[in-house]
Amino acid sequence: SGPVSAVKLDGKPSIIWEVFAGQIWQTLLTSPATASPLSLTTNGVIVLNLPTNIARTMVNGEERYWLRARLVGGNFGVAASYTGSAKDGYTLVPATFAPPLIKSISFTVTKAGTAVDNFGGVTPSTLPVTACVTRNGGVMVDEKPVAASVDEATFLPYAPLNVSEPALYLGLDQPFAPRPFTLYVQVEPPRAEDVAADMLQAPEVAAPAHILWEYSSGDGWAPLGALDETATLTQRGLVHFVGPRDFTAQDAVAYHDGAQPGAAQKHYWLRLRWQSGDFVFPPQARRVLLNTTWASQAATRRDEILGSSNGDPGQRFTALFAPVLPDERLDVRESELPPANELAAIGGRAALTVMLDASGEPDEIWVRWQAVSDLYGSGPRDRHYVIDRLSGEIRFGNGRQGLVPTPGQNNLRLTYYRSGGGTHGNRATGEVVELKSSVPYIESVSNLEPATGGAQQEGLERVKERGCASLRHRNRAVTAQDLEDLAYAAAPNIARVAAIMPTFDPYQLWLDPESPAGGAPDHAAVHAGESGLVIVPDGREARPTPGLHLIERVRRFVQERSSATADLWVAGPEWVAVSVNVSVAPTSLALADVVIANVQNALNYYLHPLTGGVQGYGWPFGVIPRRSDLFAMLETVDGVDHVRRLEVTLAPITAHGDQDELRTWLLRTQTQSTALTDVERGWQSWVSRSLVFAGEHTVRVALESL
């Protein structure tokens, strides 16, 4: 239908011809840059010397001897796109697709050793192909009827993708039943460079990305109505949905007109489609899993009798298991139903558990009480209690501040609570494999990711520091120290924070009466009202990197407690790789291998940004280790007699090509605040946001006798 366009070669398409040779696809020929039968751009004969180990393999459900021509680079044109901007308008750039069209394919077979010229000089009887399949974007199309025909029909070996919006497609061999299901999406954490302030200093993108879950129905793609915990693929999480009743098996996505995939390609399809907006940086999904749920290190306890109330004020009781995690339910058996106003204060009818006797009259009335942080604001009729979660102690009111429980035998009950927590719950991948109790239809369990988040009780010194900080900032961000304290309060896994304030030379800010703008641009350049926070999460990896979800959580928390005119950005730190080249003399030559391993481990531990340093408290922002400190540390390593030679290399991780200048600023002993150019202020700010980490070390052992 219409003239055929000349094949587009501007994209420098590269095609390799391969044959299956036992266990791998073996390359036979590669297409040249010019028009050639090898690139399917001209008619002609292709001479292939087949290996002796050619083998049968399965392609599209057929086991045969297969030869394939695969597009491995370049293209036969590009998709339509837009140029311009929202301000100046957009211009459509039409698509330039012009792929080759194949009318027919035939082949001849010549025994090894027979002379054959480049144009097929020896031509025994020509045979049609017995099978021909194309694969584009996951779609396999049987093209044998066209390839073996002698009429004017043609087919596209490399078809352009007919997708207007990027999407992730998931094919399932069975439909979901109409009940709740979950998918677990493990999102690759961002690279440290992606979330550094150099790349992530803007508070937010102009239009955040919006993605949509859909499924294949009889009428095409339909919304799935999923609850997505991944926050637009910025963090790992579960996707909750109810299996659709009209889930329909469809062929693999037809990327080009006329595609007729074989029956083997029919699946029940889910897709995650980008709809609008921009990602801060392209998300990367590591895997998508079924049969996955969240697990926490906690044991559930039910109907535990706390004790009996004697009617005394200020009674105390203790749970059998501690620590007690939040969301427990404590019930008190009372002699009568609470008044309507008191019942409404504790949640209405949901707070009651009434057990009836044989005559249908109330036999036991259990009333749920509420946990509060303290009883100072509680009234005489408030059913409140205070719980020390670490020890499990529960304290009731004295009649003036909080109601005293009604006297009774075994009338105080922890109807439901969970106990657990602590660092012993942090387990490595594959360690959680035992079912403590049988669950129907569950054969085995395993954690495919390490369990994290367990922490011990906050230390007394830390409580004192936090208390003083709370009294100072009163939950408002005014000073740089306030910003840092509130960032720590925003998330429990924040290990290090640095507030970055605007720096400028006040002597350079003057109004020039002869300037048309009066010097206003200079005043605007100081970014008045703008401040930043560099955060580092707690972690054992060499470069603990905050995810976008944590960054946004901290930003929102601090922004809500800042001035309405404040402009706040939050990012991860800049990084400086510290590589050490060291030669050590061992106490014994027999310990050479052990000494090398010990020195490597000592360097990595010493240079960890959070747990390294002389005292194990990590490294401050903008501080680099001194050679003298490294000498002293290495000579304490087991098996090291002394250090003979030591070289330290600093490698700032930056995308701006100014490593040498940043290295110079890192080596400065004092920070300058005046008489700096804009570029120098940028370098100084970069250094103030930087942390060191262990790079690549070279450790040598002097083998001569000592």
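Things worth noting here:
- Which listed residue, of Ala202, Ala153, is assigned to a loop (DSSP other than H, G, I, E, B), touching a helix residue (DSSP H, G or I) at 6+ places or on another chain (Cβ under 6 Å), modelled with pLDDT under 85 and surrounded by fewer than 16 Cβ atoms within 10 Å (Cβ to Cβ): Ala153
- Of all positions in the range 409-419, at least one carries a residue that is exposed (fewer than 12 other Cβ atoms within 10 Å of the Cβ) and outside any helix (DSSP H, G or I).
- When residues in the range 370-387 are screened for being more than 17 Å from Ala344 (Cβ to Cβ) and assigned to a strand (DSSP E or B), 4 of them pass.
- When the residues of the range 190-199 are filtered to those that are small (Gly, Ala, Ser) and either over 30 Å from Ala651 (Cα atoms) or out of contact with any Pro (no Cβ under 7 Å at 6 or more places or on another chain) (or both), the one that is modelled with the highest pLDDT is Ala192.
- Restricting the first member to the range 632-658 and to residues that are free of Cβ contacts under 8 Å to residues at least 12 places away in the same chain, and the second to residues that are of a type outside the set (Asp, Glu) and part of a strand (DSSP E or B), the beta-carbon pairs closer than 7 Å and six or more apart or on different chains are Glu635/His642; Glu635/Val643.
- Taken together, the residues in the range 3-60 that are of a type in the set (Val, Ile, Thr) and in a strand (DSSP E or B) amount to 8.
- Taking every residue in the range 575-604 that is farther than 30 Å from Asp194 by Cα and pairing it with any residue that is among the small types (Gly, Ala, Ser) and assigned to a helix (DSSP H, G or I), at least 6 positions away or on another chain, the pairs with Cβ-Cβ distances below 8 Å are Pro586/Ala592.
- Within the range 27-46, restricting attention to residues that are crowded, with 16+ Cβ neighbours inside 10 Å, of a type in the set (A, V, I, L, M, F, W, C) and more than 16 Å from Ala98 (Cα to Cα), the residue that is farthest from the chain's Cα centre (by Cα) is Ile46.
- Residues in the range 166-196 that are in contact with an Asp or Glu (Cβ under 7 Å, 6 or more places away or on another chain) and outside any strand (DSSP E or B): 0 in all.
- If you go through the range 570-601 and keep only what is more than 15 Å from Thr636 (Cβ to Cβ) and part of a loop (DSSP other than H, G, I, E, B), you end up with Pro573, Ser588.
- Residue within the range 646-665 that is outside any loop (DSSP other than H, G, I, E, B) and of a type in the set (Lys, Arg) present: yes
- Of the helices (runs of 4 or more DSSP H) that lie entirely inside the range 427-530, those containing 2 or more residues that are modelled with pLDDT under 90 and not aliphatic (A, V, I, L, M) span 460-473, 520-524.
To keep it simple, each residue is scored yes or no on (1) of a type in the set (S, T, N, Q); (2) buried (at least 18 other Cβ atoms within 10 Å of the Cβ).
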site: Val536; (1), (2): no, yes
site: Asp567; (1), (2): no, no
site: Asn581; (1), (2): yes, no
site: Thr587; (1), (2): yes, no
site: Val595; (1), (2): no, yes
site: Tyr606; (1), (2): no, yes
site: Gly612; (1), (2): no, yes
site: Trp619; (1), (2): no, yes
site: Arg627; (1), (2): no, no
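The values are calculated or read from the model by the stated rules, or taken from the named source; none is laboratory data. Only a predicted model underlies this, so the values are computations on that prediction, with no experimental measurement involved. Don't worry about glycine lacking a Cβ; one is built from the backbone with ideal geometry, like all the others, and counts go over all protein chains shown.
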